[in-house]
Amino acid sequence: MPNSIYFASTILHLYAAAVIAAERPNEQAHLIFMDQPEGKPYPLFDIVKDWPESPFVSVRLFYGRFPGLLNKLKKRKLLFQQLQQVVTQLRPTNIFVGNDRRIEFQFSMNVATELGCNPIGHYMDEGTFTYIGRKASSGFADAVFDNAVKKLSYGNWWKNPPTVGGSDWITHVHVAFSEQIHPLLRDKKVHPLNAAGFTSPAMLSLSSAIMAYYGFDPASLRQIDVLFTLPHESLFEKNPDYRQQVLSYIQRLSAEGKHVAAKYHPRNSGPDILQLAKDGVQLLPADISFEAMLPHLPALCAIWGDVSSTLLIAKWLRQELAVYSMPSTGTSEFGELFRALGIQPVRSTASD
């Protein structure tokens, strides 16, 4: 039976990989978590290893963020050695990734190619870059300088993607909204991701395991009328008006009798930087992924958020939910995408 490798650096990549792997029963799927900070626990690794319904034959964790330049160079050399061993052992015919700029993916594609495996490179929907593109990829810093440095450092196997998912290593793309993908991805073989797969019994089991790890009862989500998914605190610090705007929305909705909940960014410096709890807002654990909570939200719940993959995920996996974008997301590129997907801009005088 042929082997496939799935690289995941985020929980969205994990969920996409699991759904795709479940729909390819004639292959053995092997999951590799990558790009995690060295020396820090990564609970998702243990949760997936203990997941009874997992579609993955094996699960590995390779760190990718190392402190100190000399340590980084040493550990990256070790990383390549480990990847060489895995690819040589598995001889994969398909390699999946959520960001084809990752050296783990490109190195593995090159090794598999040299072994004669004729590997097929697959891009799994990363989120916003899939649809609006990554402008930095075609800028001088990436397309010329970084590209030259990487080719000198690694070899000609490095291929600079003109946007995420656009490198020559990628021939297949698996996306949520196939009609809206960036033009640079349209010459690939496009596969729509199956939203129903994310609410299969196996995936619901994974979501429950994630919430159980943090001691969170999903039943507490059933009473939510409006859920705010909040950006990193740096945005509030840079734009005090935005901070006040968010607070005014929450206060207005609470005054209308709505049960409001909020989920902060997991890398904030404190658990409640806007002091929402004192106004009766239900705080959801920041460390639990939005993807794990989403299936358990009530059908009439509205999602409010800033520009991020969160809004796309919400509209993709729970099409019946009302999803609103904050005014700061009103750039033309996001505005057009959001309108096409039915994500509504927040109106300051409307009652939502």
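Set the Förster distance to 30 Å, then compute FRET efficiency between LEU204 and LEU61 from the Cβ-Cβ distance, nearest 0.05.
Numbers: r = 24 Å, r/R0 = 0.80.
The pair LEU204/LEU61 has a calculated efficiency of 0.80.
Placing R0 at 45 angstrom, the Cβ-Cβ distance between TYR154 and GLN251 gives a FRET efficiency of 0.30 after rounding to 0.05. The residues packed around VAL86, meaning those with a beta-carbon under 11 Å from its beta-carbon, carry a net charge of +1 if Lys and Arg are +1 and Asp and Glu are -1.
Would the stretch 217-345 count as rounded, prolate or oblate if I go by the C-alpha gyration tensor, calling it rounded below 1.5 in a/c and otherwise prolate when a/b exceeds b/c, oblate otherwise? Rounded.
Shape class for the chain, computed from the alpha carbon gyration tensor (a ≥ b ≥ c): prolate, with a/c not under 1.5 and a/b above b/c.
When the chain is described by a simple charge dipole with +1 on each Lys and Arg Cβ and -1 on each Asp and Glu Cβ, the residue from THR310, TYR123, ALA21 located farthest towards its positive end is TYR123.
Build a GNM of the chain with springs between Cα atoms under 10 Å apart, and of LEU317, LEU235, LEU79 the one that fluctuates most is LEU235.
GNM on the chain, C-alpha springs below 10 Å: top fluctuator among TRP169, TRP304, TRP157? Per the Cα network of the chain with a 10 Å cutoff, TRP157 tops the list. The string of couplings for the stretch 75-85 from the Karplus curve (6.51, -1.76, 1.60, θ = phi - 60°) is 5, 5, 4, 5, 4, 4, 5, 5, 5, 4, 5 Hz, one whole number per residue in order, with x for Gly and Pro.
Cross-link list LYS159/LYS188; LYS151/LYS189; LYS40/LYS74: which exceed 23 angstrom alpha carbon to alpha carbon?
Values: LYS159/LYS188 16 Å; LYS151/LYS189 27 Å; LYS40/LYS74 18 Å.
With Cα atoms farther than 23 Å apart: LYS151/LYS189.
Here's the picture: a label point sits 7 Å out from the Cα of SER220 along the beta-carbon direction, and within the stretch 297-329 the residues with their amide nitrogen under 20 Å of it are 297-299, 301-304. Over the stretch 1-139, what is the relative contact order in whole percent, taking alpha-carbon pairs under 8 Å and six or more residues apart? Normalised by residue count, the contact order of the stretch 1-139 is 26 percent. The relative contact order of the chain, computed from alpha carbon pairs under 8 Å that lie at least 6 residues apart in sequence, is 13 percent. Counting every other Cβ atom within 10 Å of each residue's Cβ, ILE103, ILE170 order from fewest to most as ILE103, ILE170. Summing Lys and Arg as +1 and Asp and Glu as -1 over all other residues whose Cβ lies under 12 Å from the Cβ of HIS296 gives a net charge of 0.
Set the Förster distance to 45 Å, then compute FRET efficiency between THR171 and ALA212 from the Cβ-Cβ distance, nearest 0.05. Present the calculation step by step, with values, prior to reporting the outcome.
Details: r = 39 Å, r/R0 = 0.86.
The value I calculate is 0.70.
Each label point was placed 7 Å from the Cα along the Cα-to-Cβ direction; for GLN81 and GLN275 their separation is 5.4 nm. What whole number of Å gives the distance from the Cα centroid of the stretch 171-219 to the Cα centroid of the stretch 24-52? Answer, in whole Å: 16. In the stretch 193-236, whose amide N lies under 16 Å from the spot 7 Å out along Cα-to-Cβ of ASP46? List them in ranges. It comes to 209-216, nothing else. Sequentially through the stretch 31-36, phi angles give Karplus couplings (6.51, -1.76, 1.60; θ = phi - 60°) of 9, 10, 6, 9, 6, 9 Hz, Gly and Pro residues having no value and appearing as x. Evaluating 6.51 cos²θ - 1.76 cosθ + 1.60 at θ = phi - 60° for every residue in the stretch 103-111, the Karplus couplings come out as 5, 4, 5, 5, 4, 5, 4, 5, 4 Hz, glycine and proline recorded as x.
Count the net charge of all other residues whose Cβ sits under 11 Å from the Cβ of PRO67, scoring Lys and Arg as +1 and Asp and Glu as -1. After counting each charged neighbour, the total is +3. Taking ALA302, ALA196, ALA22 in turn, the Gaussian network model of the chain (Cα-Cα springs below 10 Å) assigns the largest fluctuation to ALA196.
Around the amide H of ARG101, modelled in the peptide plane, lie the amide H atoms of GLY165, all under 5 Å away and 5 or more residues distant in sequence or on another chain.
The numbers here are math on the coordinates, done by the rules we state, and not lab data. Only a predicted model underlies this, so the values are computations on that prediction, with no experimental measurement involved. Ideal geometry is used to build each Cβ from the backbone, glycine not excepted, and the neighbour counts take in all protein chains shown.
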